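To keep things clear, I will list the structure first and then write my remarks on it.
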Amino acid sequence: MTNNKLFRSLIYTLLIFTIIYLIHLTGFIFKPVGLLIAAIAVPIIGAGVLYYITNPLVSLLERYKVPRIVGILIVFVLIILFAYLSIYFIIPPVQEQFALLVDNMPKMIASFEELIDIWQNRNEFLPSGVEDTIQNVLNNLDSYIEHIMGSLFSFIGSLFSFVFSIVLIPFFLFFMLKDGHKLVPFITSFFSESKAQNIERLFTNISRTLASFIQGQFLVSFCVGIMLLIGYLSVGLNYALMLALFGLFMNLIPFIGPWISAIPAVIIGFFQDPMIGLWTAVIMIVAQQIESNFISPNVMGKVLKLHPLTVITIILAAGAMAGFVGFLLAVPTYAVAKTIITHFYELYTNNLPAGKKTIL
């Protein structure tokens, strides 16, 4: 019986669930570790993202005989220059547009209520349930807006805490760029030559997957943000820079993010002028078609090999469990997990006798 594959699979599954249950019972032991990981997660993840964005430039400079430490310093100078230009040229107009939007919010609410009243007067034969629902929304509209604004200010408060955490990112980034290439050789030095080669190949595949996703997603998001800004300015949409930046950051969430960013832009456009709202919707659709059919395939290629339906399902599940952070981390986490599983499956099949490989 112990040689039966199904029996062994059941035993392995039982052991896995037993380990999970024991971890659950002894969770108090792992709680300090979890708190420590949560404390350093932001600088490590932030530095990791910047590492995959800046490391190609450091490697390029190194190929041109520039010492690695000098290349790292050049990258840091470029990051500081980019931050300075952003603070000087981008943040002030965005703050001004956001303040103007907040000031105009009561006028937009009044216009929305007026439109609802006109629509109700022209539709006298609506079912009572629909009328009650509309009236309930109108009666509580101010509280809904207050709740949204409260959540926004709460998010801004969390953002300041987040900004405080990112102070450590430059330190992590410096040592990642300086010594990151030494990590895999250090780990493989504890294993035999054959195992070391497998581990090195696994880490290489993981690194390639993360690099493809991070570099590709940032480049795609930047292109989409530029297209949105040009489109919004061309149709005269108010708060164009703020909405384009919102679209740029939301585009970091694959598939779902672009449509989330379209909602406020189209709503503001319709309040400004129905034709502007219509043209804003057209701009969003055109930008997303260009991104999905031309930019993403050429930038990210087929490296991730993720089906759109799989991505959407993962994002929705991760968002329900972990909120906005889940939206951001769902796809790269799944891509890395898929890379690891694929690696070990190929290793397993390659070690099977020749006659059994055709069965799997």
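Read-outs: derived from the displayed coordinates by stated rules, not from any lab. Quick caveat: nothing in here was measured; it's all calculated off a predicted structure. For neighbour counting, all protein chains shown are included, and Cβ atoms are generated from backbone atoms with ideal geometry for every residue, glycine included.
Counting neighbouring beta carbons within 10 Å and listing from fewest to most, the residues Asp103, Asp273 come out as Asp103, Asp273. In this calculation the C-beta distance from Ala83 to Ile230 is compared with R0 = 22 Å, giving a FRET efficiency of 0.40.
Taking 0.36 nm per residue of separation and subtracting the Cα-Cα distance, full extension of the segment from Leu347 to Glu200 would add 51.6 nm.
Inter-label distance, Ile44 to Leu15: 2.7 nm, where each label sits 7 Å from its Cα along the C-beta direction.
Using a 10 Å cut-off around each Cβ, can you sort Trp259, Trp279 from fewest to most neighbouring Cβ atoms?
Ordered by Cβ neighbours within 10 Å, fewest first: Trp259, Trp279.
A Förster radius of 56 Å combined with the Cβ-Cβ distance from Phe294 to Arg8 puts the calculated FRET efficiency at roughly 0.70. Among His343, His24, a tally of other beta-carbon atoms within 10 Å of each Cβ gives an order, fewest to most, of His24, His343. Extension gain for Ile340 to Leu252 (0.36 nm times residue separation, less C-alpha to C-alpha distance): 29.3 nm.
Note on Arg68 and Leu183: the extension gain reaches 39.8 nm, defined as 0.36 nm multiplied by sequence separation minus the Cα-Cα distance.
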